[in-house]
Amino acid sequence: MAQFHVTRKSQSWYGESIEILILSASYPCIPDGLPIVIAGMEGQSEFRGAVLEEKGILDSGKIEQEVVQVTRKLVTGNPQIGAILLECSDLPPYAGAIQQAVNLPVYDFVTMINYVHNTHVRFPFAGFM
C-alpha cells in the first residue's frame with residue numbers, strides 16, 4: 001500500500017474549502033500545515049519495478065490500474081480533495097484515466113507547459129460571440 005500523509009488545514013478556493021492530492025513516485029517530505037494529501041506510488045509493485053527500480057519492462061495497463069486505485073482510495077477517504085497534482089514525470093500518461101475515475105482536475109508538468117506556451121502563442125479569436 002502506498003504511504004500517505006494527510007494534513008487538515010483548509011484552503012479556500014472558489015469559495016470552497018479543499019485539499020489537493022499530490023501523487024508522486026515516492027513519498028516526498030512536505031512541511032506540515034499545507035492543505036494537501038500526499039500519496040506515493042513506491043508501494044505499488046508494477047510502478048516500483050518499472051519506474052523506481054528500472055526493471056526494463058513497463059506494463060502501462062498495470063501501472064494505470066495502480067495509479068487509479070491509489071487515487072480512488074485517497075479521494076474516497078478525503079472528500080475535501082478538489083484537485084490532483086501529478087508530481088512524477090512518469091505519471092502524466094495516466095492523467096486521463098485518473099480524471100475519468102474521480103472527476104477532478106488533474107495537473108502535471110504537461111499542463112504547466114501548455115499553460116505557459118498558450119500565454120505566449122495567442123491566435124485570433126474564432127468562436128461565437
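A few notes on this one:
- Test: residue in the stretch 66-74 that is farther than 17 Å from Ile22 by Cβ and either buried (at least 17 other Cβ atoms within 10 Å of the Cβ) or touching a strand residue (DSSP E or B) at 6+ places or on another chain (Cβ under 7 Å) (or both): no
- Within the stretch 21-37, the set of residues being surrounded by 14 or more Cβ atoms within 10 Å (Cβ to Cβ) and either modelled with pLDDT of 80 or more or more than 17 Å from the chain's Cα centre (by Cα) (or both) comprises Val37 only.
- Residue match in the stretch 38-49 (condition: more than 23 Å from Val110 (Cα to Cα), modelled with pLDDT of 90 or more and in contact with a Gly (Cβ under 7 Å, 6 or more places away or on another chain)): no
- Selection of the stretch 87-119 for residues being free of Cβ contacts under 8 Å to residues at least 24 places away in the same chain and within 11 Å of the chain's Cα centre (by Cα) yields Ser89, Pro92, Ala95, Gly96, Gln99, Pro105, Val106, Asp108, Phe109.
- Residues in the stretch 59-86 that are assigned to a loop (DSSP other than H, G, I, E, B) and in contact (Cβ under 8 Å) with a residue 12 or more places away in the chain: Asp59, Asn78, Gln80.
- Qualifying positions in the stretch 50-90 - out of contact with any helix residue (DSSP H, G or I) (no Cβ under 7 Å at 6 or more places or on another chain) and of a type in the set (A, V, I, L, M): Val51, Leu52, Val70, Leu74, Ala83, Leu85
- Taking residues in the stretch 42-53 that are farther than 13 Å from Gln69 by Cα and without any contact (Cβ under 8 Å) to a residue 60 or more places away in the chain, and partners anywhere that are surrounded by fewer than 18 Cβ atoms within 10 Å (Cβ to Cβ) and of a type in the set (Phe, Trp, Tyr), the pairs with Cβ atoms closer than 9 Å and at least 6 places apart or on different chains are Glu42/Tyr27.
- Residue among Ile63, Ile57 that is at pLDDT below 90 and over 20 Å from Pro35 (Cβ atoms): Ile57
- Residue match in the stretch 98-108 (condition: part of a helix (DSSP H, G or I) and at pLDDT below 95): no
The values are calculated or read from the model by the stated rules, or taken from the named source; none is laboratory data. The structure displayed is predicted, hence computed values, not measured ones. For neighbour counting, all protein chains shown are included, and Cβ atoms are generated from backbone atoms with ideal geometry for every residue, glycine included.
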